[in-house]
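Everything below concerns the one structure shown next.
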Amino acid sequence: MPIIVNLDVMLAKRKMTLSQLSEQVDVTIANLSVLKTNKARAVRFSTLEAICKALKCQPGDILEYIEEE
């Protein structure tokens, strides 16, 4: 899939665990894990907004487009 989720990178930069983020954004660890491992097929804007607010970042810091060969 050409969209890469860099949630793990942003968590590391902010020195935050997945469980801490889960508590802040009110999304289950399982759902955040699906995002973190690039297995998500979609993400709600409200979830993306909450993640960006908690991590103090922009959506482009989390989502990256990579062209397929």
Positions within the stretch 10-28 being surrounded by 14 or more Cβ atoms within 10 Å (Cβ to Cβ), in a helix (DSSP H, G or I) and of a type in the set (A, V, I, L, M), in sequence order: Met10, Leu11, Leu18, Leu21, Val25
Considering only the stretch 54-69, how many residues are out of contact with any Pro (no Cβ under 7 Å at 6 or more places or on another chain) and in contact (Cβ under 8 Å) with a residue 12 or more places away in the chain? 8
Suppose we keep only residues that are touching an Asp or Glu at 6+ places or on another chain (Cβ under 9 Å) and free of Cβ contacts under 8 Å to residues at least 60 places away in the same chain within the stretch 1-24. Which one would you say is farthest from Glu69 (Cα to Cα)? Leu18
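Among the residues of the stretch 33-69, write down those that are hydrophobic (A, V, I, L, M, F, W, C), surrounded by 10 or more Cβ atoms within 10 Å (Cβ to Cβ) and not in a loop (DSSP other than H, G, I, E, B). Talk me through it step by step, then tell me what you get.
Just the residues of the stretch 33-69 that are hydrophobic (A, V, I, L, M, F, W, C), to begin with: 34-35, 40, 42-43, 45, 48, 50-52, 54-55, 57, 62-63, 66.
Now drop any that are not surrounded by 10 or more Cβ atoms within 10 Å (Cβ to Cβ), which leaves 34-35, 40, 43, 48, 50-52, 54-55, 57, 62-63.
Within the stretch 33-69, Val34, Leu35, Leu48, Ala50, Ile51, Cys52, Ala54, Leu55, Ile62, Leu63 meet the criteria.
Every number in this text was worked out from the coordinates using simple rules, so none of it is lab data. All of these numbers come straight from a predicted model, not from anything done at the bench. Here the Cβ is made from the backbone with ideal geometry for all residues, glycine too, and neighbour counts use every protein chain on show.
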